[in-house]
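Take a look at the structure set out below.
The values are calculated or read from the model by the stated rules, or taken from the named source; none is laboratory data. This is a predicted model, so every value here is computed, not measured. Here the Cβ positions follow ideal geometry from the backbone for every residue, glycine too, while neighbour counts run over all protein chains shown. When the accessible area is computed, the model is the full protein with side chains, heavy atoms only, and any ligands, DNA or RNA have been set aside. Shrake-Rupley method; radii C 1.70, N 1.55, O 1.52, S 1.80 Å.
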Amino acid sequence: MTDTIFGKIIRREIPADIVYEDDELLAFRDVNPQAPVHVLFIPKRTIATLDDATPEDAALLGRLLLAAAQYAKREGFAGQGYRTVINCNEYGGQTVFHLHVHLLAGRQMHWPPG
Ligand code: 5GP
């Protein structure tokens, strides 16, 4: 399995502003935020892309989304609204090949994305 910068964050080899952790997931602030709130939710087990996920990963994928939603509620911006994004491969704009959910909030989002 190819290691990524997120693997180093999981192993605490490089620092990150961690906002949530449990036995399966980690969440930390994006180093290059695209909104006032920009948090990345990742599984501790490496799955390179959404395309690599299998039916066995279904519960883990659900936990990632629920963790993002619970964070939004806990931090008080769920009612105002937020966006979750999973970029996949080149045209999806993925740059780090360890599956992650972006949680963006704190400003008006637009559609369609660029
Ligand atoms: P992608 O483009 O793969 O969907 O998103 C990767 C995200 O990881 C980008 O938003 C980028 O800013 C973020 N990122 C890349 N390297 C680091 C890092 O070392 N620390 C943190 N906290 N975020 C990173």
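Collect the residues in the stretch 1-53 that are over 27 Å from Tyr91 (Cβ atoms) and among the acidic types (Asp, Glu), keeping them in residue-number order. Of everything in the stretch 1-53, those that are over 27 Å from Tyr91 (Cβ atoms) and among the acidic types (Asp, Glu) turn out to be Glu13, Asp17, Glu21, Asp22, Asp23, Glu24.
Would you call Ala68 within 16 Å of the ligand (Cβ to nearest atom) and open to solvent by less than 60 Å² (accessible area, probe 1.4 Å)? Considered against the rule, which asks whether it is within 16 Å of the ligand (Cβ to nearest atom) and open to solvent by less than 60 Å² (accessible area, probe 1.4 Å), Ala68 comes out as yes. Scanning the stretch 22-39 for residues that are within 25 Å of Gly62 (Cβ to Cβ) and either at pLDDT below 95 or open to solvent by 80 Å² or more (accessible area, probe 1.4 Å) (or both) yields Asp23, Arg29, Gln34. Just so you know, in the stretch 55-103 the residues that are among the hydroxyl-bearing types (Ser, Thr, Tyr) and within 24 Å of Lys8 (Cα to Cα) include one that is nearest to the chain's Cα centre (by Cα), and it is Thr84. The residue of the stretch 10-61 that is farthest from Ile86 (Cα to Cα), among those that are part of a loop (DSSP other than H, G, I, E, B) and among the small types (Gly, Ala, Ser), is Ala16.
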